[in-house]
1. Please verify whether the stretch 4-19 includes one or more residues that are among the β-branched types (Val, Ile, Thr), open to solvent by 40 Å² or more (accessible area, probe 1.4 Å) and at pLDDT 80 or above.
2. Under 8 Å between Cβ atoms, at least 6 apart or on separate chains: pull out the pairs that start in the stretch 50-70 with a residue that is among the charged types (D, E, K, R) and end on any residue that is in a loop (DSSP other than H, G, I, E, B) and open to solvent by less than 90 Å² (accessible area, probe 1.4 Å).
3. Are any residues in the stretch 106-121 over 18 Å from SER25 (Cβ atoms), more than 22 Å from the chain's Cα centre (by Cα) and surrounded by 17 or more Cβ atoms within 10 Å (Cβ to Cβ), and if so, which ones?
4. Residues of the stretch 56-105 being part of a helix (DSSP H, G or I) and open to solvent by 30 Å² or more (accessible area, probe 1.4 Å), which ones?
5. Scan ILE74, ILE107 and give me the residue that is in contact with a strand residue (DSSP E or B) (Cβ under 6 Å, 6 or more places away or on another chain), aliphatic (A, V, I, L, M) and closer than 14 Å to LEU19 by Cβ.
6. Would you mind telling me which numbered condition in (1) open to solvent by less than 60 Å² (accessible area, probe 1.4 Å); (2) touching a residue at least 24 places away in the same chain (Cβ under 8 Å) ARG42 fails?
7. For the stretch 125-139, does any single residue satisfy the condition of being loosely packed, with under 10 Cβ neighbours inside 10 Å, hydrophobic (A, V, I, L, M, F, W, C) and at pLDDT below 90?
Amino acid sequence: MRRQTATSGINPAGSSRGLRLDPLSLPISFDAHDVRADNGVRHVELHRERVVLRRAIHGMRMAINLRVSDFRGIALRDGDDAQMLVLLHRDPSLNIPLCVSSDHDEIAAAWQTWSDIFALPQLAEETREPAPRRRRRNAVWARRPKFLVRRRGGGALDGADVHRGEREIIARN
């Protein structure tokens, strides 16, 4: 089994080469950009059946194991000067960059190869506007507020029934 070096996915300082991972030499281990992680870097291990993301957030180290089948597909994102292939997940923070290139033929070949290796569909990522926020509806939306529940209800507005002309029975001890 052939492994790539630990620096294979991140460009050395001063390098103008874009990110290009080789899908035929899995497993691959590389570092990727992560805005939430400490130092802005997360460690990614790609295998044919699973993906392992290692990162630290506020000093707490974590490893996230995901099956490749949990991902939606291989997405093609258009940038201003280059295109990028991304292993797309429902949670945007779990997306994994696979290839960055300005050559359309190279990106098309890599797109097909990654899709075949992982058995995931090729997705052209459309730009969507976020959905409007839904109103919160739950079982207690029509109930009285808490401070009104604590208050004691008032008495009847009309007085007690008075029966004039009848004998009253009074119990005395």
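The values are calculated or read from the model by the stated rules, or taken from the named source; none is laboratory data. The structure displayed is predicted, hence computed values, not measured ones. Positions of Cβ are backbone-derived with ideal geometry, glycine not excepted, and every protein chain shown enters the neighbour counts. Calculation scope for accessible area: heavy atoms of the full protein, side chains included, ligands and nucleic acids excluded. Shrake-Rupley method; radii C 1.70, N 1.55, O 1.52, S 1.80 Å.
1. Narrowing the stretch 4-19 to residues among the β-branched types (Val, Ile, Thr): 5, 7, 10.
From what is left, the residues that are open to solvent by 40 Å² or more (accessible area, probe 1.4 Å) are 5, 7, 10.
Subsequent filtering for residues that are at pLDDT 80 or above retains none.
No - not one qualifying residue is present in the stretch 4-19.
2. Sorted first by the residue in the stretch 50-70, then by its partner, the pairs are ARG55/ASP34; ARG55/ALA37; ASP70/HIS89.
3. If the condition is that a residue be over 18 Å from SER25 (Cβ atoms), more than 22 Å from the chain's Cα centre (by Cα) and surrounded by 17 or more Cβ atoms within 10 Å (Cβ to Cβ), then ILE107 is the only one that fits.
4. Taking the stretch 56-105 first, the residues part of a helix (DSSP H, G or I) are 68-70, 92-94, 104-105.
Hits for the stretch 56-105 are SER69, ASP70, PRO92, HIS104, ASP105.
5. Details: ILE74 fails: closer than 14 Å to LEU19 by Cβ.
Only one candidate qualifies: ILE107.
6. (2)
7. First, pick out the residues of the stretch 125-139 that are loosely packed, with under 10 Cβ neighbours inside 10 Å: 126-139.
The next check asks that each one be hydrophobic (A, V, I, L, M, F, W, C); those that pass are 131, 139.
Right, trim to at pLDDT below 90 and you get 131, 139.
Yes: one or more hits.
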